[in-house]
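Data first, discussion second: the structure below is written as structure tokens.
The values are calculated or read from the model by the stated rules, or taken from the named source; none is laboratory data. Because the structure is a prediction, the values reported are computed rather than measured. All Cβ positions, glycine included, derive from the backbone under ideal geometry; neighbour counts span all protein chains shown.
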Amino acid sequence: MTTIWENSIFGSGGFVAGRGGVLEVTAPATGATIGTVGIADTVDLDAAVAAAKEAQPAWAALPYTERAAVLAKAAALLQEAPERLTDWLVPESGSGFGKASFETALVTSELAESAGLASQPYGQLLRSMKPRLSVGRYVPVGIVGVISPFNFPAILSTRSVAPALALGNAVILKPDPRTPIAGGLILAEILAEAGLPDGLLHVLPAGAEVGAALVAHPDVPCISFTGSTAAGRKIGEAAAPLLKKVHLELGGNNALLVLPDADLDAAASAGAWGSFLHQGQICMTTGRHLVPRALVGEYTAKLAEIAERITVGDPTDPANALGPIIDSGQLAKVDQIVQATVSAGAELRAGGTYEDLFYRPTVLAEVPRDSPAFSQEIFGPVAPITAYDTIDEAIEIINSSEYGLSVSILTGDPFRAFELADRIVSGAVHINDQTVDDEAVAPFGGAKASGTGGHFGTSVNLSTFCDLQWITVQSDIARYPF
Ligand code: NAD
């Protein structure tokens with residue numbers, strides 16, 4: 001199929017060649033080339049930043065209705081033809097059809113909410129000791145640099161790109177080189193079709209070195225990074241002396257707490273979804289199942305039974321619920337963690353095997369707390385289960401992780417769980433749901449090693465992609481003793 005982005009990056013003048021050459025994008029399920037895109041280098045980056053700097057003031061000065069109209073039109077285009085995104089998400093990122101549809105709906109909703117954001121109040125009328133108008137107002141930072149990962153490439157790019165544009169910024173997006181199409185080029189195509197003026201969005205498929213150059217660029221005052229904690233630490237270190245506004249959304253090792261009064265069938269179903277969806281390659285994946293000792297045998301048997309019957313294979317066949325791991329390096333890491341955890345004393349109750357890049361949904365029981373499957377983010381379809389004796393112990397186990405992204409509590413007494421949430425350090429706590437969730441209107445962000453927290457979600461986006469400016473107005477020039 002010929003595409004508009006063939007051999008291209010996106011920037012001034014639309015889809016153009018990249019100076020870094022051409023990248024073959026492959027489907028992890030088959031190894032087949034599904035498209036070729038351009039590769040950007042640091043010269044392309046400099047040109048993109050210069051063009052963005054030129055285009056941004058006029059964009060910010062437009063009536064808000066015009067920015068809103070572009071985003072609303074983009075949402076409508078995707079709503080009318082979701083396959084424009086899903087048809088690429090499935091092969092490029094190895095997404096099952098359900099995950100790709102969920103992600104496309106999230107992208108549509110993010111575009112629509114960002115259209116609404118453009119018309120929202122953008123500041124506060126402040127009290128003052130003086131007879132004057134005193135206002136705190138959000139002004140665009142100018143250029144936002146967005147760096148996104150492979151796993152939910154479309155939404156993790158859009159959740160920064162769309163609100164940043166809506167609020168009057170220009171954006172330089174560097175998607176993961178494994179997913180440049182769903183991670184950026186389709187979004188550019190749709191926004192351009194929706195009327196986004198030239199120069200405001202640049203999509204630069206490239207590796208980490210161009211990401212690092214974006215972080216270091218003196219004309220990019222704000223960076224929104226989503227990816228691993230290791231890369232986030234490097235970006236934080238690089239940006240600190242430059243005094244930039246940096247948002248880091250990083251890894252997780254999310255606990256699902258089954259309370260003694262939970263419905264075990266529903267709990268096992270939720271736990272399976274939380275651990276296995278998109279092969280466990282989600283920052284919010286359920287990484288630790290905590291179950292009362294008296295129920296752990298029954299819960300494990302139910303979860304293993306679900307794992308055994310999940311279909312795994314090429315996700316372009318809708319009969320397959322799960323697809324491949326993104327690449328062989330990630331698959332080797334998943335398997336190494338599973339094998340090391342079995343060696344550390346855990347019991348393999350399902351899975352633990354693979355063919356090509358297809359890893360079977362895996363259930364590990366009696367997982368020691370200091371084993372790798374319990375203490376690390378796996379990023380694979382693995383459900384580690386551990387028994388607990390008291391609620392205090394369970395809370396202590398949840399909080400013992402270095403991460404703090406999402407926690408689930410399953411119970412027949414939701415208000416009791418609501419009280420327990422007070423004792424949990426986590427960006428999100430979901431009572432009677434599993435750990436994977438996102439909505440354009442909800443705050444999203446992790447605590448501890450999961451990031452610098454709470455940066456996305458309608459009104460939160462104001463402080464994320466704008467600077468707060470104090471502005472005062474009085475009728476006459478104030479008189480001073482000098
Ligand atoms: P990664 O950190 O290796 O790469 C993510 C992006 O950062 C890619 O575009 C990559 O090219 C770029 N990059 C890597 N090193 C860089 C550097 N030093 N400077 C600038 N850019 C750099 O991430 P990954 O392992 O491919 O993705 C999975 C990770 O992302 C997991 O840890 C997952 O939990 C995390 N994640 C977090 C969230 C969240 O919202 N908290 C969402 C999705 C994924």
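Here are some notes:
- Condition met for Thr341 (farther than 25 Å from Glu92 by Cα, in contact with a Pro (Cβ under 7 Å, 6 or more places away or on another chain) and in the same structural domain as Trp273 (by TED's automatic domain parsing)): yes
- Number of the condition not met by Lys234 [criteria: (1) within 10 Å of the ligand (Cβ to nearest atom); (2) assigned by TED's automatic domain parsing to the domain that holds Glu396]: (2)
- Single match in Gly445, Gly454 (criterion: under 23 Å from Trp273 (Cα atoms) and within 12 Å of the ligand (Cβ to nearest atom)): Gly445
- Pairs, first more than 24 Å from Ser328 (Cβ to Cβ) in the stretch 359-375, second at pLDDT 95 or above and polar (S, T, N, Q), C-beta under 6 Å, six or more apart: Ala365/Thr300; Val367/Thr386
- Qualifying residue in the stretch 99-119 (condition: farther than 20 Å from Ala162 by Cα, surrounded by fewer than 18 Cβ atoms within 10 Å (Cβ to Cβ) and in contact (Cβ under 8 Å) with a residue 24 or more places away in the chain): no
- Unique match (being within 16 Å of the ligand (Cβ to nearest atom) and without any contact (Cβ under 8 Å) to a residue 40 or more places away in the chain) among Ala255, Ala212, Ala268: Ala212
- In the stretch 260-273, the qualifying residues are those that are buried (at least 22 other Cβ atoms within 10 Å of the Cβ) and over 11 Å from Pro381 (Cβ atoms), and the one that is farthest from the chain's Cα centre (by Cα) is Ala262.
- Ser224 within 14 Å of the ligand (Cβ to nearest atom), touching a Ser or Thr at 6+ places or on another chain (Cβ under 8 Å) and of a type in the set (Gly, Ala, Ser): yes
- Residue-level analysis places Ser375 among those that are surrounded by fewer than 21 Cβ atoms within 10 Å (Cβ to Cβ), polar (S, T, N, Q), over 23 Å from Thr26 (Cβ atoms) and assigned by TED's automatic domain parsing to the domain that holds Tyr403.
- Being touching a Leu at 6+ places or on another chain (Cβ under 9 Å) and not assigned by TED's automatic domain parsing to the domain that holds Thr390 is a property that Pro180 has.
Rundown of residues vs (1) part of a loop (DSSP other than H, G, I, E, B); (2) closer than 29 Å to Ala105 by Cα; (3) touching an Asp or Glu at 6+ places or on another chain (Cβ under 7 Å), yes/no style:
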site	(1), (2), (3)
Asp433	yes, yes, no
Gly453	yes, yes, no
Asp467	no, no, no
Ile471	no, no, no
Asp476	yes, no, no
Tyr480	yes, no, no
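- Candidates are the residues of the stretch 130-168 that are within 13 Å of the ligand (Cβ to nearest atom) and of a type in the set (Phe, Trp, Tyr); the one that is surrounded by the fewest Cβ atoms within 10 Å (Cβ to Cβ) is Phe150.
- Screening Glu305 against (1) over 19 Å from Gly351 (Cβ atoms); (2) not in a strand (DSSP E or B) leaves a single unmet condition, (1).
- Matching residues, the stretch 237-246, being within 10 Å of the ligand (Cβ to nearest atom) and not hydrophobic (A, V, I, L, M, F, W, C): Glu237
- Number of residues in the stretch 170-209 that are away from the ligand (no atom under 16 Å from the Cβ) and either among the charged types (D, E, K, R) or surrounded by fewer than 24 Cβ atoms within 10 Å (Cβ to Cβ) (or both) equals 10.
- In the stretch 359-407, the residues that are β-branched (Val, Ile, Thr) and part of a loop (DSSP other than H, G, I, E, B): Val367, Ile378, Thr390
- Those residues of the stretch 225-253 which are closer than 30 Å to Gly274 by Cβ and assigned to a helix (DSSP H, G or I), in sequence order: Thr229, Ala230, Ala231, Gly232, Arg233, Lys234, Ile235, Gly236
- Strands (runs of 3 or more DSSP E) (entirely within the stretch 137-222) containing at least 1 residues that are under 19 Å from Ala75 (Cα atoms): 170-174, 201-203
- Residues in the stretch 106-138 that are in contact with a strand residue (DSSP E or B) (Cβ under 8 Å, 6 or more places away or on another chain) and within 23 Å of Arg178 (Cα to Cα): there are none.
- When Arg423 is tested against (1) assigned to a loop (DSSP other than H, G, I, E, B); (2) at pLDDT 95 or above; (3) within 16 Å of the ligand (Cβ to nearest atom), only condition (3) is not met.
- Summed over the stretch 280-318, the residues that are within 16 Å of the ligand (Cβ to nearest atom) and either surrounded by fewer than 19 Cβ atoms within 10 Å (Cβ to Cβ) or more than 23 Å from Ile155 (Cα to Cα) (or both) give a count of 1.
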